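The values are calculated or read from the model by the stated rules, or taken from the named source; none is laboratory data. The model shown is predicted, which means the values in this text are computed figures rather than measured ones. Using ideal geometry, Cβ is built from the backbone for each residue, glycine included, and neighbour counts are taken over all protein chains shown. The accessibility values were calculated without ligands, DNA or RNA, using every heavy atom of the protein model including side chains. Shrake-Rupley method; radii C 1.70, N 1.55, O 1.52, S 1.80 Å.
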Amino acid sequence: MTTSALRRLTPALVVVAALVVAWQIYVDVSGIRPQLLPSPVRVAQQGWGHREEIAVHAGATLTVTLIGFSVSLVLAWALAILVDFSPWLRRAFVPLFVASQTLPIIAIAPLMIIWFGFGLLPKVLVIALATFFPMAIGLIEGFASTEREAGALLRSMRASRWQVFRYVRLPSALPRFFTALRIGITYAVVGAVFAEYVGASKGLGIYMSLQKNSFRTDLVLAAVLVTAVISIALYLLTFAVERVVAPWSRMEHGHG
């Protein structure tokens with residue numbers, strides 16, 4: 001991590017540290033029962049003590065997140081490209097993309113379990129529903145933001161529609177796509193955990209549910225912390241991918 005990146009993260013780290021200290025002081029002073037609110041120290045101790053069990057569930061959540069997000073990513077790219085090549089398909093699909101976001105995941109997830117059981121498929125579908133829209137719309141708007149002069153220049157040189165797309169429209173769309181990707185990857189983790197919470201044999205969602213029923217609030221919070229770490233790690237990974245795939249995007253946004 002670069003020095004500039006550390007400087008940007010310092011304010012957030014200071015705020016988090018202050019909140020954790022305040023939390024610890026409140027628990028120590030109030031004497032509140034750990035079943036209601038365990039201290040950060042207790043959460044860390046119990047989480048570390050159950051690290052192997054938590055790691056198994058975290059691995060299951062990460063696996064289903066990556067599978068579901070990959071499916072969503074492929075669908076988003078395929079449909080966004082089709083929409084870009086066909087104005088009719090744009091008018092047909094974009095309203096459906098928007099309508100898909102009106103479906104509450106909290107209501108859809110139990111139905112997926114009922115229809116498809118407790119296997120991998122319902123979780124993948126929930127993640128796809130949660131993440132498809134931001135990536136597809138990001139790509140569609142990115143393609144549409146291409147400078148007309150650049151496209152006109154290539155067409156004047158007898159470039160085909162595909163060549164214009166490949167050399168102008170696609171590079172222009174990548175900055176918006178990576179912004180949408182960062183939104184989608186965080187939704188993916190949340191969607192996976194929620195799908196597991198509704199019904200699963202392994203995963204952080206079902207682990208939280210079981211520990212909640214056992215009044216182990218400390219382990220619930222430990223699992224929440226692991227979920228946050230996974231989300232942040234995947235979020236940061238998108239910057240590394242962007243730096244390799246579209247380095248000009250970071251320059252346009254003023255990042256080194």
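Details
- Residue match in region 4-27 (condition: hydroxyl-bearing (Ser, Thr, Tyr) and at pLDDT below 90): yes
- Conditions (1) of a type in the set (A, V, I, L, M, F, W, C); (2) surrounded by 14 or more Cβ atoms within 10 Å (Cβ to Cβ); (3) closer than 17 Å to residue 192 by Cβ: number failed by residue 106: (2)
- Restricting 75, 103 to those that are modelled with pLDDT under 90 and in contact with a helix residue (DSSP H, G or I) (Cβ under 8 Å, 6 or more places away or on another chain) reduces the list to 103.
- Only listed residue being part of a helix (DSSP H, G or I) and in contact (Cβ under 8 Å) with a residue 24 or more places away in the chain, chosen from 46, 35: 46
- Verdict on residue 193 being under 15 Å from the mean Cα position of the chain (by Cα), crowded, with 18+ Cβ neighbours inside 10 Å and over 22 Å from residue 135 (Cα atoms): no
- Residue count for region 185-233, restricted to those that are in contact with an Asp or Glu (Cβ under 6 Å, 6 or more places away or on another chain) and of a type outside the set (A, V, I, L, M, F, W, C): 2
- Of everything listed in (1) open to solvent by 50 Å² or more (accessible area, probe 1.4 Å); (2) under 16 Å from residue 211 (Cα atoms), the single unmet condition for residue 43 is (1).
- Restricting region 111-120 to residues that are open to solvent by less than 50 Å² (accessible area, probe 1.4 Å) and not β-branched (Val, Ile, Thr), the residue that is nearest to residue 137 (Cα to Cα): 112
- Checked across region 195-203, the condition of being at pLDDT 90 or above and touching a Leu at 6+ places or on another chain (Cβ under 7 Å) holds for no residue.
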